[in-house]
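Asks: What follows is a structure written as structure tokens; I'll ask about it next.
The values are calculated or read from the model by the stated rules, or taken from the named source; none is laboratory data. Model, not experiment: these values are computed from the prediction. Cβ sites come from the backbone with ideal geometry, for glycine too, and all protein chains shown count toward neighbours.
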Amino acid sequence: MIQPEAILQLDNVSVTYKRTDRTRLTAVSGVDLTLKRGEILGLVGESGCGKSTLGKAAVGILPTSEGKITFDGLPVIPLSRSVRSKELLKLQLIFQDPYSSLNPRRKIGNQLIDGLINSDVDNEEARETSAKLLERVGLPRSTLSKYTHQFSGGQRQRIAIARALTLQPQVIIADEPISALDASAQAQVANLLVELVQELGMSMVFISHDLSVVRQISDRTAVMYLGKIVEIAETEKIWNDPRHPYTKALIHAIPRPDGKGLIPLELSGDVPDPRTPPTGCRFHPRCAVSVAECTIMEPKMSLTDDRWSSCLLNNELRKVGS
Amino acid sequence: MTLLDVRELSVQLQTKSGFATAVDRLSFTVDQGEILGIAGESGSGKTMTALTLLGLLPPHAKVSGSVKFNGQELVGIPSKEWQKIRGAQIAMVFQDPMTSLHPMLSIKVQMTEHMQTHLGISHQKALLEAEELLADVRIPDPKKALDSYAGQFSGGMRQRICIAMALACKPELLLADEPSTALDVTVQAGILSLLDRLRIERQLSIIFITHDLGVLSAITDRLLVLYAGRETESGKTATILQNPRHPYTRGLLDSLPQPESKEKTLKSISGFPPELGKQPRGCAFANRCSFTQTQCRDIELLPNFLSDGHKFICTIDPFDGQAAAETLL
């Protein structure tokens, strides 16, 4: 069922990679996720949890092995050799590393107008639109005739953002857009994205491993672990009252610049190999509060006390009255 | 006891347009068993400072000033002398454990080679010591790990191996250049507690370089904040983070996400740091600072000394208790 306020909806989406050794790796496993109109949704988790795969599948760069993705009422089909329908071009992705997502051998202007050329505008108009977008992201017009190596990381990411905006997207999926940048550039680029989303009435999925940035800018936060969403809620609720043990562990691991000299709590162990996920709850080998049932019963995303989480102790095994 | 004493260290690098100053008259000390944090953005000279301490500067770099390590002067010593110090008495852990380990050599080969060279021990003995070191940095099944390759470990485990490798020749000083930046927070926490334990157990001195003030708050005793190759503020970590006096330090702290704030945007320092070789006269931060006055650009800046070793270099001092009260009036 399509929810009315949803602009992008993922229903039971799984993504499986076929590996050269013929094993299969399910990086995203049965994810339901909704991006509401005008919303910034943060998606957090450790590296290897499948958050980038989920982002790429959501725009159709990666094919899904199961499930359905709907963008503004239309099914998102994987990229192919045929021309992508105009409607689906309103769904755009911004990559993590502007050092590799821009072509070093082509002028920036040419890279920006690529998207516009197929959309019935002439070259002159396309250049004008691109120049305006560059100005909007804080770069001079002269950028059009330059190459990427002439810019710093923060400036390159601005160029990548301008390129994503050429087709006036309604939804942006930003995959770790600031993690390759310097500290002061991080704040500037994150702010730019928030401003653009608000100003142009877009919606955004902001994928990041940096929880404190997600806390600042996103309306809701989804926490992902080993291919599954384990908790989702309004960002403030996630932070002030995390319900899933994994969310708690993530929040406690963040060092705080308060000068108190406290070393944050470590979450022992690594993210398990997704080819052989643990039985029962996927988080149980690292969980501080797991019980015997966690090793056999698989938790489902359920609503308890108005909060969505997938933890047996919160939901299935919850003792009434406790 | 002071292990490292750096005085008026300047490093100039050769560029197409002549020599450019990357490190500008820097002075600091590191005591035995102490962790000094060096904070700053890229281009602030923090990595160049570390490379100077290892004698690994690019060719034709000019170094002036003094670096005394255990009483021995390191500036100007020949490369033969460096070989006895580098990796043995002063060791380094790099940012990216994905690239600082050799992908095609087993961990065994990478861990024992420098032990045999520096410590003059047999291969057998080096293997035993390597196994102990891996166990000490909490690598599960160290015997098996020795026969494995870098690609078989996760990022956190690789960084632990790099740390074990750096410790192999029992250095007194460890330089850690952004050692946890490439890792997840959950894994980073483990690396931080490992380094802190090594400091206590081995009386190891560490220079911890990062732009992450949260990490520096967790693990360092003292802080040195660099901007464009120059010191802007230094002192005890707690003092600086709780009461920063230099506008740049305050800017860095303010640009971190503010949990209490209802604002959706992050504060940021506008503009960019000056390019290498284009540092202005006077205060290098003047172009980005909101308190700049004429005197910032003209005079030779003098440091302000406060109690408890807290020092900052700013002529305006906008965050002085009195000055703040005056602006309010």
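Asks: Quickly run through the stretch B:123-175 and pick out the residues that are assigned to a helix (DSSP H, G or I) and of a type in the set (D, E, K, R).
Replies: If the condition is that a residue be assigned to a helix (DSSP H, G or I) and of a type in the set (D, E, K, R), then B:K125, B:E129, B:E131, B:E132, B:D136, B:K143, B:K144, B:R158, B:R160 are the ones that fit.
Asks: Let me ask you something else. Please verify whether the stretch B:177-198 includes one or more residues that are away from chain A (no Cβ under 14 Å), within 18 Å of A:P255 (Cβ to Cβ) and at pLDDT below 95.
Replies: Yes, because at least one residue in the stretch B:177-198 is away from chain A (no Cβ under 14 Å), within 18 Å of A:P255 (Cβ to Cβ) and at pLDDT below 95.
Asks: For the stretch A:153-264, give me every one of the strands (runs of 3 or more DSSP E) that falls completely inside it and has 2 or more residues that are without any contact (Cβ under 8 Å) to a residue 60 or more places away in the chain and more than 9 Å from chain B (Cβ to nearest Cβ).
Replies: Ranges flagged: none.
Asks: Going by the conditions given, is B:L253 assigned to a helix (DSSP H, G or I), within 27 Å of B:T99 (Cβ to Cβ) and in the same structural domain as B:Q12 (by TED's automatic domain parsing)?
Replies: No, not satisfied.
Asks: Ok, one more. Report the residue count in the stretch A:133-155 for those that are charged (D, E, K, R) and closer than 21 Å to A:A187 by Cβ.
Replies: Going through the stretch A:133-155 one residue at a time, the tally reaches 2.
Asks: Mind listing just one residue for me: the one in the stretch B:240-255 that is of a type in the set (S, T, N, Q) and at the interface with chain A (Cβ under 7 Å from one of its Cβ atoms) and, of those, surrounded by the fewest Cβ atoms within 10 Å (Cβ to Cβ)?
Replies: B:Q242
Asks: Okay, moving on. Under 6 Å by Cβ, and 6 or more places apart or on different chains, what pairs join a residue from the stretch B:37-63 that is within 15 Å of B:F19 (Cα to Cα) with one that is of a type in the set (V, I, T) and surrounded by fewer than 20 Cβ atoms within 10 Å (Cβ to Cβ)?
Replies: Qualifying pairs under 6 Å: B:V63/B:V75.
Asks: So is B:F208 aromatic (F, W, Y) and either in a helix (DSSP H, G or I) or within 11 Å of another protein chain (Cβ to nearest Cβ) (or both) or not?
Replies: no
Asks: Another question, then. Which of the numbered conditions does A:V137 fail, given that it passes all the others? Conditions: (1) closer than 21 Å to A:G60 by Cβ; (2) surrounded by 20 or more Cβ atoms within 10 Å (Cβ to Cβ).
Replies: Result: A:V137 passes all but (1).
Asks: For the stretch B:24-43, which residues satisfy the criterion of being over 22 Å from B:A61 (Cα atoms) and not acidic (D, E)?
Replies: Passing the criteria: B:T29, B:V30, B:Q32, B:G33, B:I35, B:L36, B:G37, B:A39.
Asks: Are there any pairs, at least 6 apart or on different chains, whose C-beta atoms fall under 8 Å, with the first in the stretch B:300-329 and surrounded by 15 or more Cβ atoms within 10 Å (Cβ to Cβ) and the second at pLDDT below 50, and if so, which?
Replies: Every condition considered, the pairs that remain are B:I316/B:A323; B:D317/B:A323; B:P318/B:A324; B:P318/B:T327.
Asks: Only residues that are free of Cβ contacts under 8 Å to residues at least 24 places away in the same chain, of a type in the set (G, A, S) and within 23 Å of A:T221 (Cβ to Cβ): list them for the stretch A:291-322, please.
Replies: Selection gives A:S302 alone.
Asks: Something else: Among residues belonging to the stretch A:274-306 that are surrounded by fewer than 18 Cβ atoms within 10 Å (Cβ to Cβ) and closer than 30 Å to B:G214 by Cα, point out the one that is farthest from the other protein chains (Cβ to nearest Cβ).
Replies: Only one residue fits best here, namely A:V289.
Asks: If the requirement is being among the aliphatic types (A, V, I, L, M) and under 23 Å from A:P274 (Cα atoms), which of these qualifies: B:M157, B:M115?
Replies: B:M157
Asks: Filtering the stretch B:256-300 down to residues that are of a type in the set (V, I, T) and outside any helix (DSSP H, G or I), which residue is farthest from the other protein chains (Cβ to nearest Cβ)?
Replies: It comes out as B:I299.
Let's see how each residue does on (1) over 22 Å from B:I240 (Cβ atoms); (2) crowded, with 17+ Cβ neighbours inside 10 Å:
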{"position": "B:R7", "(1), (2)": "no, no"}
{"position": "B:S17", "(1), (2)": "yes, no"}
{"position": "B:S27", "(1), (2)": "no, no"}
{"position": "B:V30", "(1), (2)": "no, yes"}
{"position": "B:S44", "(1), (2)": "no, yes"}
{"position": "B:L51", "(1), (2)": "yes, yes"}
